[in-house]
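Coordinate-derived values only; no laboratory data. What you see is a predicted model, and the numbers here were worked out from it, not measured in a lab. Because the Cβ atoms are built from the backbone with ideal geometry, glycine has one as well, and the counts that use them run over all protein chains shown.
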Amino acid sequence: MLFAGIVMTFLTPVYQIPDEPNHFARVWQISELKFLSPVQDRKDGYRDLLSEVPADFPPSDYMTDVFHAKDRFSLQDITEFFSGQFDTGKRTTCVINNTGSYAPVVYFPQALTAYLISHFTDDRGGGVSGKVFYFMRLAAALFSTLLVFFAIRFLPEKGFLIFLISLMPMFLAESASMAADSVINSVCIIASAYILSLTRSEEKLRTSQIITLILISVIIGLLKQVYGTIMLMYFLIPYKRLGSMKRYILFGIILLALCLASALTWTYLSVVRVKAASGFASKANPVEQLKFFVANPILVFKIMIKSNVMRLKFYAESFIGVLGWLTLKMPIWFYLFYGLMLIIGGLSGRIKIFWWQRFLMIAGCLATLLGMDFVMYFTWNPPGAFSCEGIQGRYFIPLAVMGFSALSCLPRFKYEKFSASAAGLVSVVTAIIMTYSYFYC
C-alpha cells in the first residue's frame, strides 16, 4: 500500500481526482488556520462558501472547468509542476460549496503539510513551489497507510479483508489525493477495527478504551454525519464489559448522542449559522423539494429505491475502482475477481457475533444509504425529480469493514496471507497500468 500510494501520488496528474480542485482550495484555507469558510451572498437567498488560493494554482492546462481540458499528460508535466515557483501573494477566489463546510480534521495530513512547508522551508516569504501539492498528497497516503496498518493490528482476524479494501484502486487513488475521503476512509476503517476488537473479551473496559470510544464517536461525527452508523457496532461489545446492562445501554446512547452532537454543532457553525449553500446544485431547491416530499412521501421513497437498484452496477464499480473523474474503469474481469475476494474476506476470519448483531450492522449500512439518498435528493436534484442522482460507490468504502464483517462466519483459511498478497499485487499493478495508460498514452 505504501509503494502504491507513492506511485499514485505522482502518477495521477494534479486535480484529476473527483472534486480535487475544491478539496485543494479547502485544504489551503485550513493550512492558513481559516477553519470557517468566508461567505458571499447570492440571488436565491443562500450564501456561497469561498476560499482564496494562490492564483497560479493550477496552471491553465490543468483546469477542470471542462473535465480533462488537457487531453493527455506527460511525465514532463509532473516535473515542471513540481519545480515550478508560484506567488502565494496573488490570490484567486474559489466557490467551494461542496467542500467548504468540511471540518478541519478531515484534511489533517494535507493541511498540516502545507502549513509546515509554507512556514518552515525555503518556500516561505510569499512564494511556494509546486512540490507542496505532491507532498500534501504524499502525506495523505502515508497517513492512510499508517491507519490501515494499525487497523490490521487491532483486528488481525479481519486483516485479509482490511488489506483487500485498502488496496482497491479507488481507495489507493483517494488516499493519495487532496480529497477528504483520504482521511474519512482510513479513519472509519481503523475505528471499525478498534470497536470490533473490543468484542473478543468480557473483561471490564479500561478507562483508556472508554476514552477512545468517546473520541471515535466525536471524530466520526466531524468527518461526515452519515457514517455515524459505525457507532452501532458498539452494541456488538459484550454488555458485561460495562459492568451492567443499564450502564451498557446508557453509554451506547451517550456515544451515539456525542456523534450526532459533534455533527450538528459543526453543521450549525459552518452551514446553518451563515445560511451557506453547502453543495446545492444549480437546479436544486431544498425548500421546494421538502414541500414535494411532504406531499408525496411514498413516491419519494419509491424513487430512491428505484434509483439505487438501477445503479447497483455503478455502485460496485465505483466502490472497487473507477478513477479519474469517474471515467477510468477497470477491466470487467478485475471487478469480478476483486469482488469475489472481498466476499471471501468478509466470510473468513470469524467474529463471534449473534444474528441480531449481524442484522444491526447491515441495518447501519442501509441507514447510511438512506441518509445519502435524502442528502442528495434535497441538495443535488431539482424539486420533484424522478431519480436520485449523485451517489457513488466510493461513498460506501468507510462502511466496508462493518458491512463485510456482517458476513463473518468461517475460520481463517490456510493460504490467507498468500491470497491477500496475490490479490493486492494484481490490484496495484492494474491500478498503475490503467492510470498510466489513461492519462499518458
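A straight chain from GLU52 to PHE359 at 0.36 nm per residue would run longer than the Cα-Cα distance by 105.9 nm. Between SER208 and GLN76, the distance separating the two model label sites (each 7 Å from Cα on the Cα→Cβ line) works out to 5.5 nm. Let a ≥ b ≥ c be the square roots of the eigenvalues of the Cα gyration tensor of the stretch 248-362; is it rounded (a/c under 1.5), or, if not, prolate (a/b larger than b/c) or oblate? Oblate, because a/c is 1.5 or more while a/b does not exceed b/c. Taking amide hydrogens as placed 1.01 Å from N in the peptide plane, the amide H of SER408 sits under 5 Å from that of no residue at least 5 positions away in sequence or on another chain. For the stretch 331-418, what class follows from the C-alpha gyration tensor (a ≥ b ≥ c being the square roots of its eigenvalues): rounded when a/c is under 1.5, otherwise prolate if a/b is larger than b/c, else oblate? Taking the square roots of the gyration eigenvalues as a ≥ b ≥ c, the stretch 331-418 is oblate. Give the shape of the stretch 162-202 as rounded, prolate or oblate, defined through the alpha-carbon gyration tensor: a ≥ b ≥ c are the square roots of its eigenvalues, a/c under 1.5 means rounded, and otherwise the shape is prolate if a/b is larger than b/c and oblate if not. Here the stretch 162-202 falls in the oblate category. Sticking with the crude label model, points 7 Å out along Cα→Cβ, report the distance from ALA281 to TYR440 in nm, one decimal please. About 3.5 nm, to one decimal.
At 1.567 mPa s and 4 °C, plugging the Kirkwood radius over alpha-carbon pairs of the stretch 1-154 into Stokes-Einstein gives what diffusion coefficient in µm²/s? The partial results should precede the final answer.
Working: Rh = 16.5 Å.
Translational D for this selection: 79 µm²/s.
Computed about the Cα centre, the dipole magnitude for the chain is approximately 1760 debye when only Lys and Arg (+1) and Asp and Glu (-1) carry charge, each at its Cβ. Placing a label point 7 Å from the Cα of LEU370 along the Cα-to-Cβ line, no residue of the stretch 181-205 has its backbone N under 19 Å from it. Per-residue ellipticity at 222 nm from helix content only, as computed over the chain with -39500 (n - 2.57) for each DSSP H run of at least four residues, stands at -18000 deg cm²/dmol. Between LEU2 and ILE332, the FRET efficiency estimated from the beta carbon spacing at R0 = 22 angstrom works out to 0.15. Where in the stretch 327-347 does the label zone of VAL426 land, with the point 7 angstrom along Cα→C-beta and an amide N cut-off under 13 Å? Under 13 Å, as judged by backbone N against the label point of VAL426, lie 331-345 of the stretch 327-347.
Extension gain, ARG153-LYS302: 0.36 nm per intervening residue step, less the Cα-Cα distance, totals 49.4 nm. Within the same chain, aspartates and glutamates fewer than 8 places from LYS224 are excluded, and of the rest, those with a Cα less than 17 Å from its Cα are ASP19, GLU174, ASP181, ASP373.
Annotation: peptides 431-437, 213-219, ranked by per-residue average of other Cβ atoms within 10 Å with the highest first, follow the order 213-219, 431-437.
Candidates (1) 0.98; (2) 1.73; (3) 1.31; which is the computed Cα Rg over 2.2 N^0.38 Å? Identified label for the calculated read-out: (1). Protection proxy ranking, highest mean first, for peptides 100-111, 200-211, 174-185, 404-415: 174-185, 100-111, 404-415, 200-211, where packing is the per-residue count of other beta-carbon atoms within 10 Å, averaged.
Relative to the current alpha-carbon distance between LEU290 and ILE433, full extension at 0.36 nm per residue lengthens the span by 46.9 nm. Candidate cross-link partners of LYS275 among the lysines, defined by an alpha-carbon separation under 17 Å and a same-chain spacing of 8 or more, comprise LYS43.
Put +1 on the Cβ of every Lys and Arg and -1 on every Asp and Glu Cβ in the chain; which of PHE374, THR212, HIS23 then has its Cα farthest towards the positive end of the dipole? Most positive-ward Cα: THR212.
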